[in-house]
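**Q** Starting off with a structure, shown below.
Quick note: the coordinates plus some simple rules give every number you see, no bench work behind them. Bear in mind that the values here come from a model prediction, so they are computed numbers and not experimental data. All Cβ positions, glycine included, derive from the backbone under ideal geometry; neighbour counts span all protein chains shown.
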Amino acid sequence: MRKIRVWLTLSCCLFAMTAVALAQARKPGLWEMTTNMTWQQSPFPAGMQGAPGGARSPFGGGPQTIKVCLTQEQIDRYGAPVQQMRGDCQLNNFAKTSNGATGEWVCSGRMTGKGTFETHWTGEGRSASKVHFVGSMEAGPNRMPVEWTSESTSTYRGPNCGDVKPIPMPDK
């Protein structure tokens, strides 16, 4: 009986330490997010020199780094930085987990389709995210199939966001 009490006490302590560690990793403030987007099916013609927007375009492939201001409200609501989608997109099937979040983006309008995302806290002041989207987009009078994957890593830089404004939170 005594061994069971010891194991229960140790288990509770381990659980509490894990919860405290996860809570400490989720800090409001300035985060640096590096994202790499790859196209499995691109709307851009083969051989096109550069994607719209030039080398700094998120459509161009290769890593892009931005600074993001994460608020306590975003942490409380989503548990992690949630990537912003443009256009007529809705967040569906959202589930916050003990170490991140999962969900789906469903889009209609100029771009239609569905994307799945997952975000995980990987340690003190770090997170990793992945979005995979399959759908189509308007290209003049035609619709073109698209499929892309975006992988991001985020690193906490400090409590002060400076001039960086928080991104708007998506609707649940």
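**Q** For LYS96, go through the aspartates and glutamates and keep the ones whose alpha-carbon is under 12 Å away, minus same-chain ones fewer than eight residues off.
**A** ASP76, GLU118
**Q** If r is the Cβ-Cβ distance from THR65 to ASN142 and R0 is 25 Å, what FRET efficiency results, to the nearest 0.05? Provide the component values of the computation, followed by the final result.
**A** Details: r = 34 Å, r/R0 = 1.35.
My answer for the efficiency is 0.15.
**Q** Also: Sorting TRP39, TRP105 on the 10 Å Cβ count, fewest up front, what's the list?
**A** Lowest count first: TRP39, TRP105.
**Q** Determine the gain in length on full extension of the stretch LYS130-ASP88; use 0.36 nm per residue of separation and subtract their C-alpha separation, reporting nm with one decimal.
**A** Going from the current span to full extension adds 13.1 nm.
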